[in-house]
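The values are calculated or read from the model by the stated rules, or taken from the named source; none is laboratory data. Note that the coordinates shown come from a computational prediction; the quantities given were computed from them, not determined experimentally. Cβ atoms come from the backbone with ideal geometry, glycine included; neighbour counts cover every protein chain shown. Ligands, DNA and RNA are stripped out before the accessible areas are found, and what is left, the full protein with its side chains, is counted by its heavy atoms. Shrake-Rupley method; radii C 1.70, N 1.55, O 1.52, S 1.80 Å.
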Amino acid sequence: MQEKLPKPWDPYGKVYVLRLGHRPQRDKRITTHVALVARAFGANGFILAGACDDSVERSLRRTLECWGGEVEYECGVSGRRKVEEWHEMGGEVIHLTMYGVPVDDVIEEIRSSTRPKLIVVGASKVERYYYDAADYNVAVGNQPHSEVAALAVFLDRLYRGRELYSIFYGARARIVPSPRGKTVTGGVEC
Ligand code: SAM
């Protein structure tokens, strides 16, 4: 069992990412990247709406086993129901979309609220429901790009970059930063 410690820079304790619209035939890699960004950039949970996908879960679990940290994983749930649940427990829903308001206009307000945060990202077209149900529709620039990029930038702004220095407890391998080459302690090949 990994040790549960609050991240010193994280006043929220509950920042989850909800991934909508996963298409198992074509989105395995990008959905895995959404999950890995969620972990690496400080989210506490990753929820895959719709059908589960074993390969996404396997990749996330392998990364957690080797590189440490804790991310709750859930799948096979309705995205709408998750949004409703989140509101019922007093949380707020932040939908990342290029049509939303600029991240810089709302990030202070979002950061200053200690309500649990559900960050919603899409794959293809996102249903109107999520635009209406979200407390915030947030754009990371008003150009189309990627859920992976949008999530990374949003979390980095939320945590003011401190998440990059987070310690991932329970790691079997740790990188020692070096200007050249690869230095890893722990004696484990990941
Ligand atoms: N055509 C889609 C739509 O109408 O929303 C965009 C699909 S995009 C490949 C997949 C996801 O990336 C979006 O649902 C959104 O969550 C995220 N995304 C893409 N560009 C974004 C931006 N500029 N700001 C915030 N999120 C963005």
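Could you grab me the full set of residues in region 108-138 that are crowded, with 17+ Cβ neighbours inside 10 Å and farther than 19 Å from residue 50 by Cβ? Even if it seems obvious, please write down each step before you answer.
First, pick out the residues of region 108-138 that are crowded, with 17+ Cβ neighbours inside 10 Å: 110, 116-123, 126, 130, 133-138.
Those that are crowded, with 17+ Cβ neighbours inside 10 Å and farther than 19 Å from residue 50 by Cβ: 110, 116, 117, 135, 136, 137, 138.
Please verify whether region 21-34 includes one or more residues that are of a type in the set (Gly, Ala, Ser) and open to solvent by less than 30 Å² (accessible area, probe 1.4 Å).
First, the residues of region 21-34 that are of a type in the set (Gly, Ala, Ser): 21.
Going one step further and asking which of them are open to solvent by less than 30 Å² (accessible area, probe 1.4 Å), we end up with none.
No, region 21-34 has no match at all.
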